[in-house]
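What follows is a short report on a single structure.
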């Protein structure tokens, strides 16, 4: 490696590698582009397509590319990591042909890259370092592994190693030093300095837009939305539940049917989401079906899951006789009473007739109503909660964030207030 001084007495440096290494880097970069294109498809299917088929790299609960793609960590500044990787490998490909491209009118700006392989080596080292951080997040935080992502980590390492001119004598610092001074040298040319500033401003504006809009990262918006309701549930807050048997419009043409369990933690959150969403819409009514995962009343579950859920369901049905199914039921979700005394305290807070509640909860008719709900849920082969359907359509397991549930309801006739 030869170093030289320019007229401003600044380090510029020259850097090149053997021909076979150049071809090897080209091959690795090509594999990287193909791999990141596939990962982009996995990301799109996981986050934008409903009921998409699982990718081939979703093998089990641990090796699961699809699940990793649905996490907040699969994006950076609102842009999928797959697209960042695609940009990296494409840029490396351009850098490899920098000298020839600089001879064309369209890519004349590539002449500023005097030592393209120094940039490639630096990018390889940086990207591999980032890859190791992502691997740790995958293993210790997400607790799932994307094997195609791991392939890109290996490719990053290979690029860094292959692009090193003589890593036995020169350290990584030398690579970054050459790249840094090469970059500074380019910025001394006024037109390239202006171009760099324009690109930088546009880049910041674009990343700000993607970070705020989350158009390319809907899973982040979904997670953030649901976390907001999780916090509300932790604070035992649900200002949207009416003290009534009716949630929504009694004669609404759009029907949202919900199957839930008062002891189910996710159901607790979904109840707040439903109450808020419906409070913002017209022409929607909610029908709530009891499906306690409690062997005391549910003969279809193999074992005890949520003890006490049957009793809470009966109390909610008893509250319906005092026209306070949703107000009282929502408090059951929030406060999770462990004894009859706790339930009675909630009833008194709601201004209900406690004696009537105690009498009604013993009525065999309520047991029959509860059993009818359980039988209905079993017809749909439900093995858990929550679940929901819209206008008698497919019964879906899980929950939706408020903005997505609202959009689904509007699609079939609901109207914003």
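We did not get these values from a lab; they are worked out from the coordinates using the rules stated. The shown structure was predicted, so the numbers you read here are calculated from the model rather than taken from an experiment. All Cβ positions, even for glycine, are placed from backbone atoms using ideal geometry, and neighbour counts span all protein chains on display.
Based on the Stokes-Einstein relation at 37 °C and a viscosity of 0.692 mPa s, and on the Kirkwood radius from alpha carbon pairs, the chain is assigned a translational diffusion coefficient of 127 µm²/s.
What full-extension length gain, to one decimal in nm, is calculated for residue 296 and residue 237 as 0.36 nm per residue of separation minus the Cα-Cα distance? If you can, show how the numbers build up before the last one.
On the way: separation 59, 0.36 × 59 = 21.24 nm, distance 2.93 nm.
The span from residue 296 to residue 237 would gain 18.3 nm if fully extended.
Relative to the longest principal axis of the Cα atoms of the chain, the long axis of helix 325-335 lies at roughly 60 degrees.
Label-to-label distance, residue 172 versus residue 205, with points set 7 angstrom from Cα along the beta-carbon direction: 3.6 nm.
How do 408-416, 80-88 rank on mean C-beta neighbours within 10 Å, highest first? Mind showing how you got there, number by number?
On the way: 408-416: 16.1, 80-88: 20.1.
Sorting 408-416, 80-88 by mean packing, highest first, produces 80-88, 408-416.
Pairwise over distinct Cα atoms, reciprocal of the mean inverse distance: report the Kirkwood radius of the stretch 230-416 in Å, one decimal place. Spell out each step's value before the answer.
Numbers: mean 1/r = 0.0605 Å⁻¹.
About 16.5 Å, per the Kirkwood formula over Cα pairs.
Neighbour counts of other Cβ atoms within 10 Å put 371, 250 in the fewest-to-most order 250, 371.
The fraction of all Cα pairs in the stretch 137-272 landing in successive 10 Å bins from 0 to the largest distance is 8, 16, 22, 21, 13, 11, 8, 2, 0, given as whole percents. With neighbour counts taken as other beta-carbon atoms within 10 Å, the residues 61, 373, 402, 363 rank, fewest first, as 61, 363, 373, 402. For the chain, adding -39500 (n - 2.57) for each run of n ≥ 4 DSSP H residues and dividing by the number of residues yields -18000 deg cm²/dmol at 222 nm.
Extension gain, residue 191 to residue 53, is 44.7 nm, computed as 0.36 nm per intervening residue step minus the present C-alpha separation. Of 301, 189, 137, which is the most mobile in a GNM of the chain whose springs link Cα atoms less than 10 angstrom apart? Checking each option, the largest mean-square fluctuation is seen for 189.
Dividing the C-alpha radius of gyration of the stretch 80-149 by 2.2 N^0.38 Å, with N its residue count, gives 1.43.
Taking 0.36 nm per intervening residue step and subtracting the Cα-Cα distance, what contour gain separates residue 102 from residue 227 on full extension?
Extra length available between residue 102 and residue 227 comes to 40.0 nm.
Helix 218-234 and the longest principal axis of the C-alpha atoms of the chain enclose an angle of approximately 40°. Compactness of the stretch 330-417 was expressed as the Cα radius of gyration divided by 2.2 N^0.38 Å, which yields 1.44. Listed by Cβ neighbour count within 10 Å, with the fewest neighbours leading, 194, 147, 120 appear as 194, 147, 120. Cβ-Cβ distance of residue 335 and residue 154, R₀ of 56 Å, FRET efficiency by 1/(1 + (r/R0)^6): the value works out to about 0.60.
Normalised by 2.2 N^0.38 Å, where N is the number of residues, the C-alpha radius of gyration of the stretch 194-327 stands at 1.49. For the chain, the longest principal axis of the C-alpha atoms and the axis of helix 147-162 are separated by about 20°.
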